[in-house]
Amino acid sequence: MSSMCSVYTIGGVKINFPCKAYPSQLAMMNSIVRGLNSRQHCLLESPTGSGKSLALLCSALAWQQSFSGKPVDEGLNKKAEVPLSCCCACHSKNPTHSDVSRETSHHFSSPGTPPPERNGTSSTCQDSPEKNTLAAKLSAKKQASKYREENGDFQVEKKRIRPLETAQQIRKRQCVEKEVHHSDAQDALGNTLKLNSPLGKVNFSSQNPPGHCSRCCCSTKQGNSQESSNTIKKDHGGKFKRPKIYFGTRTHKQIAQITRELRKTVYSGVPMTILSSRDHTCVHPEVVGNFSRNEKCMELLDGKNGKSCYFYHGVHKISDQHTFQTLQGMYKAWDIEDLVSLGRKLKACPYYTARELTEDADIIFCPYNYLLDAQIRESMDINLKEQVVILDEAHNIEDCARESASYSVTEVQLRFARDELDSLVTSNIRKKDHEPLRAVCCSLINWLEANSEHLVERDYESSCKIWSGNEMLLNLHKMGITTATFPILQGHFSSVLQKEEKVSPIYGKEETIEVPIISASTQIMLKGLFMVLDYLFRQNSRFADDYKVAIQQTYSWTHHTDISDKNGFFALPKNKKHSRQKTAVHVLNFWCLNPAVAFSDINGRVRTIVLTSGTLSPMNSFSSELGVTFTIQLEANHVINNSQVWVGTIGSGPKGRNLCATFQHTETFEFQDEVGALLLSVCQTVSQGILCFLPSYKLLEKLKERWLYTGLWHNLELVKTVIVEPQGGEKTNFDELLQVYYDAVKYRGEKDGALLVAVCRGKVSEGLDFSDDNARAVITIGIPFPNVKDLQVELKRQYNDHHSKLKGLLPGRQWYEIQAYRALNQALGRCIRHKNDWGALILVDDRFRNNPSRYISGLSKWVRQQIQHHSTFESALESLAEFSKKHQKVMGVSKKDRKCTQDSASALEVASLQDSTPTCLLEAASHLSPGNPREDEAKMCVQELQCPKMITKNPSLPNDIISRKEKSMKSPAHLHWIEQSLYSSEMIFIL
């Protein structure tokens, strides 16, 4: 790698690149370095296959390494951080009794003093010099003791191991051990506050810390206690700590692709970690097979039934970067699979190990909802203050941000939580904390029941009622949940999550006992509810107008429970339909319509935000929607030549019928038959793999049903193996189906490749790699607009129309169209995955041709530049056939000639030769693509213009070996034998 490495100096930063960079990569790296140096945010679009990931990693890590040597941050010298003014009582230096009483007189039966300052410890309590890590907490107990010889998965606990604590909890415990008293431990006046509730007066003790204040800027989830300790700090050498890089992408599979790219660079040994869910990292045999893995894991950590997780106690074995890299035997980038494998081997929990490695990691990979979702950030102890955030594949970031600040809860969940809290109150377990939380659940249940009778029917067996955020605040006020009482509720909720509490001294010694706590499901429900309420009350209800609250009623069908008669017999119903019971389901939705709400926790706190994707276009909505000023923007060109891609619009089918995929037209048999005939013609023209994307699953099912009836589906299966993307289902089933498609393309038999029919915004269109033969053509039918009847889509369009002038948002119609083009661009991006790739992009809809100024402008730049409009289907098919035939003459590219091509998928294409090529050579060469094509050194390249004829003499090559139907072709050893046979043959070129 060193011999191929290129060095670029951009903005004073020396960047080592694994090979010669493309112009688009240089533009990317220049933009990123500028943004990092000047603390500006970047919005960068670079087409898929242009080496975007390498440019991101190399530029960001090179800048980070150069930063460590700077004695002080230039940005901090230029602009000192001005503390935001805080208007809340809990941060006032001298709050008066009259101020508080005036504020709370409407909500409390008696006035009380405001809770004291909440941001961590007092001035007399300092952080421990030791690292507050899980390894440190377990070392005294576990590292000094020898493990039992049996080393089973479970051990009966003699003393319960304390679960992970937050940073604030650790500091409080350390201060208590040092006999340092907190100022917020007890209210000086000891007053009791009462919440106005429909169920009666419920006492709220002010002895409990009130949680985050929701009246001003101190209410963000990244509390002041964390900010004070996690801003840019000096290390032991006196230098300033370099910012961490949080690299977020959409899925765990994309994280695996990114880490593979990192291995190609000189930065491969950088300290790193990957934050992931228990679904991907848990190795405990009893938890892995459990549906609710989070809840099962929490039960084991709590030590219920005398059992605990042995893997959790082994985290200290690999809890630091140096030890981890030494044990895995390599100083290079690793993947989740490497961590899980090492965790199994050493009996150390990969989930908590990854979290421990964050302490010394320079770059942290995670799905980007880990960075946007306030609940996940809190549970993962993610503090983004002064850090660098890179969000790759960020075309869906607006939707993800809205979802992160939204929450839905069913009436069944509220009732379950109420009953559980009620049992704890009845048992006199932390009654002063559990009783107010029970009152909240009861109030919401009563409000749901009262309004369920006034819902408006919206669709078949579906009805709803909607309130604005400000209207919901009035309803909450009637329940006694107000700006003043909500921080106290937060304090009560924080208290009930503590598994231990101290009791009165006995014989002069204070003791700690375990206390039953609410179940994991109730914890999750209350955390989500308190999260969205925090947004509603934050900064004097600044975000209330960004919310809509809806009660939705749908119906579910459940089977009657069989009840025996007095003789023990069961009555069987005559009609099975009568044995099903129709039950109404009520859901309370808090929908955030402004993604800037979730981004408010990030914007203004991080050093730089970098949003990047291959399909950000149209780009003009990100700044207004996210509330972030992207000073640096880039639309990079593709690295391929124009001759490598065919981009065309088709507005009519083989029979000349107009094709406009609106709802009215897609319902007709004429449209469905014409689309089927078009798809069949393309499959007969283009060999290997073809992807066809439809706007919705509903249309997919209609077309499939019609084509099965007319026989067109059978005709498609005669040409290619036809595979349909399933709606929902398990991930393993989808992966198996995808492998069937890959195999059908790779090992072609009587059929010429495969056809994969999928849906825009589905699994196939998001982040999957269909390089080379896997996607020689992508066909899109129509324009994938969101469902106009969807309630959230309707509310979002109304919201944008209402705030377009005040907040600078795009009008609702423009926002609606942008969502369609982002999905369309994402589907088109499945084709052309590297510099030597080629393929066709076929856009089927006459709206592209009839109104190009409106419908073409939303496409990606590199697509817009090459698009051609065809007046008839015949002209389009003729042009497509010529393009396909030209590129299918190339069988492959030698490894020597493509070392610097930066193929992100690292796969070689093996195309068929012209019809005049001898069958034996054609058949044998078509299978010269083993499981790992990048290791294949020998490939033959035949170009018609230079070598119009090629023959071979090789009588030793058996016919049964080169048969397409021979299943043994899948054997790597067999493939190697064929290669040797071809090498030994005598090659004669006739010029």
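The values are calculated or read from the model by the stated rules, or taken from the named source; none is laboratory data. Remember, predicted model here, so these are calculated numbers, not experimental data. Using ideal geometry, Cβ is built from the backbone for each residue, glycine included, and neighbour counts are taken over all protein chains shown.
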Do we find a residue being more than 20 Å from residue 517 (Cβ to Cβ) and not small (Gly, Ala, Ser) anywhere in the stretch 414-437?
no
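Look through 449, 453, 510 and report the one residue that is in a helix (DSSP H, G or I), of a type in the set (Asp, Glu) and at pLDDT below 90.
453
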Would you pick out the residues in the stretch 624-656 that are surrounded by fewer than 19 Cβ atoms within 10 Å (Cβ to Cβ) and more than 30 Å from residue 599 (Cβ to Cβ)?
641, 642, 643, 644, 654, 655, 656
Members of the stretch 1-52 that are hydroxyl-bearing (Ser, Thr, Tyr), modelled with pLDDT of 90 or more and more than 30 Å from residue 621 (Cα to Cα):
8, 9
Quick one: count up the residues across the stretch 734-771 that are loosely packed, with under 15 Cβ neighbours inside 10 Å, over 20 Å from the mean Cα position of the chain (by Cα) and free of Cβ contacts under 8 Å to residues at least 24 places away in the same chain.
4
List the residue pairs whose Cβ atoms are under 8 Å apart, where the first residue sits in the stretch 648-663 and is on the phi > 0 side of the Ramachandran plot, the second is surrounded by fewer than 21 Cβ atoms within 10 Å (Cβ to Cβ) and in a loop (DSSP other than H, G, I, E, B), and the two are 6 or more positions apart or on different chains.
656/872
Which residues, taken from the stretch 697-752, are in a strand (DSSP E or B) and either among the basic types (Lys, Arg) or within 30 Å of residue 786 (Cβ to Cβ) (or both)?
722, 723, 724
So which pairs qualify, if the first residue must be in the stretch 46-58 and farther than 13 Å from residue 637 by Cβ, the second must be assigned to a helix (DSSP H, G or I), the Cβ gap must be under 6 Å, and the two must be at least 6 apart or on different chains?
53/258; 53/261; 54/261; 55/25; 55/28; 55/29; 57/262
Any chance residue 16 is buried (at least 17 other Cβ atoms within 10 Å of the Cβ) and in contact with a Cys (Cβ under 6 Å, 6 or more places away or on another chain):
yes
Matching residues, the stretch 366-410, being among the β-branched types (Val, Ile, Thr) and outside any loop (DSSP other than H, G, I, E, B)
376, 388, 389, 390, 397, 409, 410
Exactly one of (1) out of contact with any strand residue (DSSP E or B) (no Cβ under 7 Å at 6 or more places or on another chain); (2) under 22 Å from residue 763 (Cβ atoms); (3) outside any loop (DSSP other than H, G, I, E, B) is unmet by residue 693. Its number?
(1)
When you scan the stretch 756-773, do you find a residue that is closer than 18 Å to residue 682 by Cβ, among the hydroxyl-bearing types (Ser, Thr, Tyr) and at pLDDT 85 or above, even just one?
no
Assess whether residue 311 counts as being modelled with pLDDT of 70 or more, part of a helix (DSSP H, G or I) and surrounded by 15 or more Cβ atoms within 10 Å (Cβ to Cβ).
yes
Check the stretch 659-668 and report whether any residue there is buried (at least 20 other Cβ atoms within 10 Å of the Cβ), assigned to a helix (DSSP H, G or I) and not assigned by TED's automatic domain parsing to the domain that holds residue 27.
yes
Given the conditions (1) at pLDDT 90 or above; (2) in a helix (DSSP H, G or I); (3) not hydrophobic (A, V, I, L, M, F, W, C), which single one is not true for residue 643?
(1)
Being more than 30 Å from residue 49 (Cβ to Cβ) and in contact (Cβ under 8 Å) with a residue 60 or more places away in the chain narrows it down to one residue among 372, 391, 301; which is it?
301
Can you tell me which residues in the stretch 350-369 are in contact with a helix residue (DSSP H, G or I) (Cβ under 6 Å, 6 or more places away or on another chain), surrounded by fewer than 20 Cβ atoms within 10 Å (Cβ to Cβ) and under 20 Å from residue 340 (Cα atoms)?
360
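Kindly establish whether residue 630 is outside the structural domain of residue 777 (by TED's automatic domain parsing) and of a type in the set (Phe, Trp, Tyr).
Details: outside the structural domain of residue 777 (by TED's automatic domain parsing): yes; of a type in the set (Phe, Trp, Tyr): yes.
Spelling it out, residue 630 is indeed outside the structural domain of residue 777 (by TED's automatic domain parsing) and of a type in the set (Phe, Trp, Tyr).
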Looking at (1) surrounded by fewer than 20 Cβ atoms within 10 Å (Cβ to Cβ); (2) in contact with a strand residue (DSSP E or B) (Cβ under 6 Å, 6 or more places away or on another chain); (3) on the phi > 0 side of the Ramachandran plot, which is the only condition residue 808 fails?
(2)
Selection over the stretch 802-825 where residues are at pLDDT below 90 and closer than 30 Å to residue 771 by Cβ yields a count of 0
